[in-house]
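Below is one structure, written out as structure tokens; comments come after it.
Any read-out appearing in this document is the output of simple, stated calculations on the displayed coordinates, not a laboratory observation. In this text, all values refer to a predicted model and were calculated from it rather than measured experimentally. So basically every Cβ, Gly included, is an ideal-geometry build from the backbone, and we count neighbours across all protein chains shown.
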Amino acid sequence: MLSLDFIRNNKKKVEEAAKNKGRSVNLDKILELDDKRRELIQKTQTLREERNKTTHEKPDEKTIKRGKVIKEELKKIEDELAKIQSQLDSLLSFVPNVPLPEVPVGHDASGNKELRKWGKLPKFDFTPKSHIELGESLDLIDLERGAKVSGFRGYFLKNEGAVLQFALLFHVFTKLVKKGYTPLIAPAVVKRLTLFGTGQFPWSEQDVYKLNDEDAYLAGTAEQPVTSYYSGEILNEKDLPKKFVAFSPCFRKEAGAYGKDTKGIYRLHEFWKIEQVIIGKNDVEEAKKLHEELQKNCEEILEELELPYRVLLMCTGDMGEPQIKKYDTETWMPSRKTYGETMSNSIMGDFQTRRLKIKYRKKDGETEFCFSLNNTALASPRILIALLENYQNKDGSISIPKALQPLTGFDKITNKK
């Protein structure tokens with residue numbers, strides 16, 4: 001959430017940012033309500049000062065009568081203030097964050113900028129299979145029974161496919177723990193405040209599963225509970241940045257992706273993630289350095305797996321409302337004949353921390369809102385698409401990356417028949 005002072009002092013910039021992110025905002029109404037709010041706050045202060053003066057005097061009929069009038073006026077103003085504050089909060093919740101100057105302006109994915117590529121694309125001397133064909137022939141994935149018991153986009157991972165997923169998750173988790181990131185296993189059931197605080201609400205509420213319990217939802221990513229970990233707290237500057245690596249199951253309705261990627265395991269309702277989250281100081285330059293650190297981590301993971309990838313700088317229309325800068329890392333998927341998104345790396349500025357009220361105390365004693373960042377380290381089973389398809393062999397088997405062999409206990413998946 002942007003501060004009212006920032007909006008007031010940067011109105012044109014905020015309007016332009018909203019337009020470039022494809023969002024409609026009413027800043028004139030917001031500022032009008034804020035003016036009215038300030039006016040009413042001043043009136044309440046004046047009335048309270050008048051009331052406080054009379055409390056030390058011997059009451060007479062006139063002061064008693066005036067006291068009753070002040071009480072009624074305060075009640076009326078406070079009711080009006082509450083109404084205005086509610087309207088103001090609602091309008092502010094729909095104002096997206098302002099991207100950094102280096103972010104390209106664009107309406108959709110066509111506006112993204114490719115920064116670099118790594119790795120050689122595989123060249124097969126046979127007709128390669130898709131991950132669906134490989135999963136079926138090697139008995140690694142069962143989509144038919146998954147749909148039978150779970151519904152649309154349901155799946156089972158089986159045999160070496162299940163082992164491979166655990167090996168991937170453990171490899172990435174322990175790698176980041178060794179880098180000094182605090183390990184967490186995050187809750188999948190979260191409150192509305194968590195989803196509003198991280199910017200999932202109000203824009204993407206249609207993608208969230210709501211439970212029957214009051215104020216209970218399923219998280220779409222560990223970013224949501226982990227970023228909210230310090231909500232309502234004041235941290236010490238000397239303890240920042242706080243770096244976390246978190247595991248969580250993730251749940252998404254994918255309502256906004258109707259008709260997309262309906263086959264296979266690319267777009268699912270239920271999956272697992274290892275997420276990197278950082279809570280740092282309110283410093284753009286430091287945030288950029290941390291952003292690059294997160295990016296380096298995810299690229300190292302793909303290089304250890306020897307999977308070709310490319311890095312994109314996301315444009316305004318394809319980066320999401322809370323972000324001020326975002327990289328997507330896409331991994332080569334032969335059956336798609338293109339790269340598919342596997343990691344997403346974002347600087348959120350103080351957008352989330354304002355909503356979540358996460359501050360830090362500086363050396364001079366003043367407090368300031370923190371910055372938050374997050375990056376997918378691994379999302380599975382989507383990453384299995386790239387791994388199975390890139391590592392397939394002519395005889396229908398699949399080789400296992402050397403980095404994972406100590407964890408899987410096998411170096412190849414072969415047809416058991």
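Amide H of Lys412: which non-local residues (sequence gap of 5 or more, or other chain) have their own amide H closer than 5 Å, using H built in the peptide plane?
Those lying under 5 Å, H to H, from Lys412 are Ile400.
One quarter of the convex hull surface, Cα atoms only: what value does that give for the stretch 25-88 in nm²?
Hull-based average projected area comes out at 4.3 nm².
From the phi of every residue in the stretch 191-204, what ³J(HN,Hα) in whole Hz does the Karplus formula 6.51 cos²θ - 1.76 cosθ + 1.60 yield, where θ is phi - 60° and glycine or proline is x?
So the Karplus estimates, Gly and Pro as x, are 8, 4, 4, 4, 6, 5, x, 8, x, 5, 9, x, 5, 10 Hz.
How long are the semi-axes of the equivalent ellipsoid of the stretch 60-167, taking √(5λ) for every eigenvalue λ of the Cα gyration tensor, in whole Å from largest down?
65, 26, 12
Quick one: Cα centre-to-centre distance for the stretch 291-324 and the stretch 76-104, in angstrom?
30
If you plug each phi of the stretch 106-115 into the Karplus form 6.51 cos²θ - 1.76 cosθ + 1.60 with θ = phi - 60°, what whole-Hz ³J(HN,Hα) values come out, in order, with x for Gly and Pro?
x, 8, 8, 4, 5, x, 6, 10, 6, 8
Over all pairs of distinct alpha carbons, what does the Kirkwood formula give as the hydrodynamic radius of the stretch 296-417, in Å?
17.0
Taking Cα centroids, how far is the stretch 176-213 from the stretch 371-417 in Å?
What the calculation gives is 27 Å, centre to centre.
Hey, can you grab everything whose amide H is under 5 Å from the amide H of Arg361? Only 5+ residues off in sequence or another chain; H modelled, so Pro and N-termini drop out.
Leu235, Asn236, Glu237
At a 10 angstrom cut-off on C-beta neighbours, averaged per residue, how do the peptides 73-85, 271-283, 378-390 rank from highest to lowest?
Those peptides, ordered most packed to least, come out 378-390, 271-283, 73-85.
Quick one, could you list the DSSP H helices from the chain stretching 20 Å or more along their long axis (Cα atoms) with average Kyte-Doolittle hydropathy of 0.5 or above?
Span-like helices in the chain: 159-178.
From the C-alpha coordinates alone, can you work out the Kirkwood hydrodynamic radius of the stretch 271-357, in Å? If you can, show how the numbers build up before the last one.
Numbers: mean 1/r = 0.0704 Å⁻¹.
Every distinct Cα pair counted, the radius reaches 14.2 Å.
Which of the listed residues, Pro249, Asn282, Leu313, is farthest toward the dipole's positive end in the stretch 222-360, when Lys, Arg count +1 and Asp, Glu count -1 at the beta-carbon?
Towards the positive end, the residue furthest out is Pro249.
Let me check against my output: what whole-number percent is the relative contact order of the chain, with C-alpha pairs under 8 Å and at least 6 apart? Provide the component values of the computation, followed by the final result.
Working: 762 pairs, mean separation 84.2, N = 417.
This gives 20 percent for the chain.
For Val208, which sequence-distant residues (separation of 5 or more, or a different chain) have an amide H within less than 5 Å of its own amide H, given hydrogens modelled in the peptide plane?
Amide H to amide H, under 5 Å and 5 or more residues apart or across chains, Val208 pairs with Lys253.
Pick out, in residue order, every one of the GluC sites (Glu not before Pro) in the stretch 98-155 that is DSSP loop and has at most 10 other C-beta atoms within 10 Å; say none if there are none.
Glu102
With charges only on Cβ, +1 for K and R and -1 for D and E, what is the dipole size of the stretch 4-92 about its Cα centre, in debye, rounded to 20?
So the magnitude is around 80 debye.
For the stretch 4-92, what's the relative contact order in percent, using C-alpha pairs closer than 8 Å and at least 6 residues apart?
Numbers: 33 pairs, mean separation 34.3, N = 89.
Once divided by the residue count of the stretch 4-92, the mean separation gives 39 percent.
Binning every alpha carbon pair distance of the chain at 20 Å from zero, what are the percents per bin?
Distribution as computed: 23, 49, 20, 6, 1, 0 percent.
Identify the GluC sites (Glu not before Pro) of the stretch 294-368 meeting these criteria: DSSP loop state and at most 13 other C-beta atoms within 10 Å of the C-beta.
Passing both the DSSP loop test and the Cβ count: Glu366.
Just from the alpha-carbon atoms, what are the Rg and Dmax of the stretch 349-390 in angstroms?
Cα only, the stretch 349-390: 18.3, 56 Å (Rg, Dmax).
Is the shape of the stretch 112-180 best called rounded, prolate or oblate, per the rule: a/c under 1.5 gives rounded, else a/b larger than b/c gives prolate, else oblate, with a ≥ b ≥ c the square roots of the Cα gyration tensor eigenvalues?
It comes out oblate by the Cα gyration axes.
Straight distance only, please: which lysines reach the Cα of Lys65 with their own Cα at less than 30 Å, same-chain residues fewer than 8 apart left out?
Result set, ordered by chain and number: Lys36, Lys43, Lys53, Lys75, Lys76, Lys83.
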